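To start, the structure itself, in structure tokens.
The values are calculated or read from the model by the stated rules, or taken from the named source; none is laboratory data. No experiment lies behind these values; they were computed from the predicted model shown. Virtual Cβ from ideal backbone geometry, glycine too; neighbours counted across all protein chains shown.
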Amino acid sequence: MGGSGLDPARVAALKEREDAAFVEMRPRSRELWASGQAVMPNGVPMSWLRTSYDHPPLFIESAGGSRLRDVDGHEYADFNIADMSMFTGYGPAAVVEAVSRQVGLGSQYLLPTEDSIWVAGELARRYGLPLWQFTLAATSANTEVIRIARASTGREKVLFFDGKYHGHFDDVLVEIEDGHLVPEEDGLPHDVTTRTRVVPFNDLEALERVLSARDVAVVITEPALTNNVGPLMPDDGFHEGLREVTRRTGTLLAYDETHTQVVGPGGLTRRWGLASDFVTVGKSIAAGIPLGAYGMTEEVAAVLQRPDGRDDDKPQVAVGGTLFGNPLSMAAARAAMSEVLTDDAYAHSQRLGSRLADGLSQVVAAAGLEWTTHRFWPRSGLSFSPSPPRTAAEAMEDFDVPLRRLLRVHLANRGVWDAIVGAGPTCSVAATDEDVDAYLAAFADLIGELV
Ligand SMILES: Cc1ncc(COP(=O)(O)O)c(C=O)c1O
């Protein structure tokens with residue numbers, strides 16, 4: 001049996017059938033991929049696009065609302081929404097208009113525009129932290145958070161929770177293997193593990209043990225872990241304990257809301273009333289136009305403030321980039337937050353997320369499977385265990401990657417684009433009841449074949 005309790009041989013047989021159909025149905029994608037191999041490693045503009053899926057890459061022609069269209073003319077109800085970076089849906093009119101206007105006026109000045117003040121103010125209102133800075137991606141927002149935290153505390157180490165993902169910078173790409181920290185991938189310095197600490201999510205004792213050495217600058221975590229292992233929800237009291245122990249040990253705390261921002265304006269920070277020194281956002285905040293941002297308290301921002309007229313050559317904190325905070329991203333973020341990511345839009349995506357979770361539960365129960373359905377506002381998904389996991393190690397026990405891969409390719413062949421393996425399907429603000437119906441019908445079809 002696989003971790004899901006289903007027969008691995010049956011899963012493998014269906015996967016073979018669906019993989020063959022996937023390739024057969026997409027001759028133009030196949031051709032483009034072959035041409036791509038001559039000029040790009042793995043045949044794609046970012047080699048990870050090949051390694052993150054086990055089926056061949058799909059080449060896209062266009063997208064609109066909640067739908068993706070590939071170059072072979074297939075349309076998909078999109079529940080991956082570019083790993084949540086298109087939570088606004090594709091091409092919302094207000095963003096198209098704002099970006100078109102701004103590109104004509106100049107997409108980049110390396111000087112601020114008024115929109116940046118509006119966007120920083122709106123983020124401050126949503127997330128409750130007063131001061132904001134901008135990058136082009138959440139990865140670089142987290143990189144800058146760490147630098148500011150180091151400058152502000154005089155400490156070097158950073159702590160993450162097992163199962164995390166916060167981007168592809170060195171400090172975060174370490175994991176626990178057989179009780180030891182090791183670099184997660186090739187191309188990282190061997191001593192990358194010396195500045196990083198990793199403890200299990202929901203384990204306040206382990207956290208306290210590490211932080212009591214008082215050498216960690218900042219703890220970075222999502223309020224609920226959404227990556228790699230499906231959502232891990234915090235135990236009651238976890239966030240209160242986290243804030244208390246970070247304060248007591250002089251450690252800063254950063255919430256990464258890059259994914260969890262989809263649960264409503266202000267993300268889980270606002271929903272759960274969380275207090276921190278930093279909040280990071282990115283992805284859908286500017287409707288897929290590149291933009292990352294981080295908010296901070298006045299205390300930590302002090303290391304960035306430069307008094308007027310200062311002309312000494314004291315080193316500055318290493319932040320900034322030529323294209324960061326550019327006027328195009330700012331215009332897109334202003335339009336997205338003022339007209340697309342509204343309270344009503346979040347409520348709509350949550351209603352559909354609940355419908356999706358209800359439908360998945362019904363199919364699972366009718367098949368007699370003891371699985372857990374996630375209820376994560378607009379997002380759902382499955383753990384193949386009777387109760388939700390509390391740590392990454394628990395989640396991995398019955399993760400069943402082959403079944404998850406089969407589900408992806410099976411859905412793709414039926415016009416549904418599922419989340420990347422390890423995440424769960426998310427209803428964007430542009431999703432419809434028909435999209436949810438399509439997901440549930442294709443899911444029920446697969447379970448019917450498997451059970
Ligand atoms: C929680 C979280 N933080 C940061 C990132 C990095 O985002 P980006 O790849 O846009 O820099 C991701 C990406 O999946 C994420 O899930």
| field | Pairs, first at positive phi and modelled with pLDDT under 95 in segment 218-239, second within 9 Å of the ligand (Cβ to nearest atom) and assigned to a loop (DSSP other than H, G, I, E, B), C-beta under 6 Å, six or more apart | value | 228/165
| Can you find a residue in segment 42-52 that is outside any loop (DSSP other than H, G, I, E, B) and either farther than 28 Å from residue 381 by Cα or outside the structural domain of residue 442 (by TED's automatic domain parsing) (or both)? | yes
| request: Output the residue which, of all residues in segment 131-190 that are under 30 Å from residue 332 (Cα atoms) and among the small types (Gly, Ala, Ser), is modelled with the lowest pLDDT. | output: 167
| Single condition residue 77 does not satisfy, out of (1) outside any loop (DSSP other than H, G, I, E, B); (2) in contact with a Lys or Arg (Cβ under 6 Å, 6 or more places away or on another chain) | (2)
| remark: From the option list 355, 334, single residue qualifying as within 25 Å of residue 416 (Cα to Cα) and among the basic types (Lys, Arg) is 355
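Give me the residue from segment 121-145 that is in contact with a helix residue (DSSP H, G or I) (Cβ under 6 Å, 6 or more places away or on another chain) and buried (at least 21 other Cβ atoms within 10 Å of the Cβ) and, out of that set, farthest from residue 293 (Cα to Cα).
The residue in question is 127.
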| request: Determine if segment 6-17 includes at least one residue that is surrounded by 13 or more Cβ atoms within 10 Å (Cβ to Cβ), touching a residue at least 12 places away in the same chain (Cβ under 8 Å) and in contact with a His (Cβ under 8 Å, 6 or more places away or on another chain). | output: yes
| query | Of all helices (runs of 4 or more DSSP H) completely enclosed by segment 335-451, which ones contain at least 2 residues that are more than 30 Å from residue 63 (Cα to Cα)? | reply | 343-366, 392-397, 433-450
| task | Can you tell me which residue within segment 275-293, out of those that are within 11 Å of the ligand (Cβ to nearest atom) and in a loop (DSSP other than H, G, I, E, B), is nearest to residue 126 (Cα to Cα)? | result | 282
| Across segment 132-164, what is the total count of residues that are more than 9 Å from the ligand (Cβ to nearest atom) and in a strand (DSSP E or B)? | 8
| query | Of the residues that sit in segment 267-290 and are charged (D, E, K, R) and crowded, with 24+ Cβ neighbours inside 10 Å, which one is farthest from residue 350 (Cα to Cα)? | reply | 277
